[in-house]
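Notes to accompany the following structure.
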Amino acid sequence: MTTTLVLASGNAGKLRELGALLTPLGMTVRSQADFAVDEVEETGLTFVENALLKAREASRVSGLPALADDSGLAVDALQGRPGIYSARFAGQPRSDARNNARLLEALSDVPAGQRTARYWCVLVLLRHAEDPVPLIVQACWEGAILTASRGEGGFGYDPLFWVPERGVSAAELPAEDKNRLSHRGRALNELLAGLEARPLS
Ligand SMILES: O=c1nc[nH]c2c1ncn2[C@H]1C[C@H](O)[C@@H](COP(=O)(O)OP(=O)(O)OP(=O)(O)O)O1
Ligand SMILES: [Mg+2]
């Protein structure tokens, strides 16, 4: 039995990471771009609301079960910001480089030891666009914000995200290691457990 899912994301980094985790499990993972799904406005006040909006639209347009990821970085010294606004932190034009520069600026007076942060990831799986019982999971990854970028891997805030358990930035971790440790990898494990209890087909 093969299961085909649409990934409700326009983020190439998420598609790469989720694809690497799901494809070996025999799932066929398609990008929402294959179905010309438009980006939805993320009007929710929580990760889960935004993930539901994205999954619902991708499932509606594609006619397939849809997996959405809404994620972000919560920095303690910034009272949890940028949080759900992580992708929009530096306004327009949206870019990881501009977001990272804004984060460094916002933390310029914050000493080492007070730069703790965590990534959050909420995954939502809708079996169809009107699924009234979505599978919802969440996980976080604890770290701290560096004072300068390190590494070339990953995406988003990874060059600034210190991974204490490894002594490197998230952008310095090999892709498989990031997937094993990360908020996204951990949330996906929860999702797979949920799917075992209630399979897609
Ligand atoms: O593992 C990660 N490594 C680095 N940065 C990350 C990670 N996980 C989330 N992030 C950052 C990127 C973006 O600034 C925000 C997600 O925003 P979020 O709206 O969920 O994603 P997005 O707009 O890039 O793509 P889409 O909404 O189409 O899935 O958090
Ligand atoms: Mg987004």
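The values are calculated or read from the model by the stated rules, or taken from the named source; none is laboratory data. Everything numeric here is computed off the predicted structure, so don't read it as measured data. Cβ coordinates were reconstructed from backbone atoms using ideal geometry, including for glycine residues, and neighbour counts include every protein chain displayed.
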* Number of positions in region 153-192 that are part of a helix (DSSP H, G or I) and either out of contact with any Cys (no Cβ under 9 Å at 6 or more places or on another chain) or more than 8 Å from ligand 1 (Cβ to nearest atom) (or both) -> 21
* To do: Taking the options 116, 3, name whichever one is away from ligand 1 (no atom under 11 Å from the Cβ) and at pLDDT below 95.
  => 3
* To do: Go through (1) assigned to a helix (DSSP H, G or I); (2) within 13 Å of the chain's Cα centre (by Cα); (3) of a type in the set (S, T, N, Q) and name the single condition residue 100 misses.
  => (2)
* Asked: What are the pairs, 6+ residues apart or on separate chains, where a residue within region 90-119 that is under 16 Å from residue 144 (Cα atoms) has its Cβ under 6 Å from a residue that is acidic (Asp, Glu)?
  -> 116/76; 118/142
* **Top-ranked residue of region 78-89 - restricted to ones that are within 21 Å of residue 150 (Cα to Cα) and not in a loop (DSSP other than H, G, I, E, B), ranked as farthest from ligand 1 (Cβ to nearest atom)** => 82
* Structure fact -> Expected output for region 35-59 (first residue more than 9 Å from residue 70 (Cβ to Cβ) and part of a helix (DSSP H, G or I), partner within 12 Å of ligand 2 (Cβ to nearest atom) and β-branched (Val, Ile, Thr), Cβ below 9 Å, 6+ apart or cross-chain) is 56/40; 57/40; 58/40
* Asked: Just wondering, is there one or more residues in region 54-74 that are of a type outside the set (Gly, Ala, Ser), within 16 Å of the chain's Cα centre (by Cα) and more than 12 Å from ligand 1 (Cβ to nearest atom)?
  -> no
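Return the only residue of 69, 76 being among the acidic types (Asp, Glu) and in contact with a Leu (Cβ under 6 Å, 6 or more places away or on another chain).
69
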* To do: Would you point out the residue of region 91-104, among those that are within 14 Å of ligand 2 (Cβ to nearest atom) and surrounded by 14 or more Cβ atoms within 10 Å (Cβ to Cβ), that is nearest to residue 154 (Cα to Cα)?
  => 96
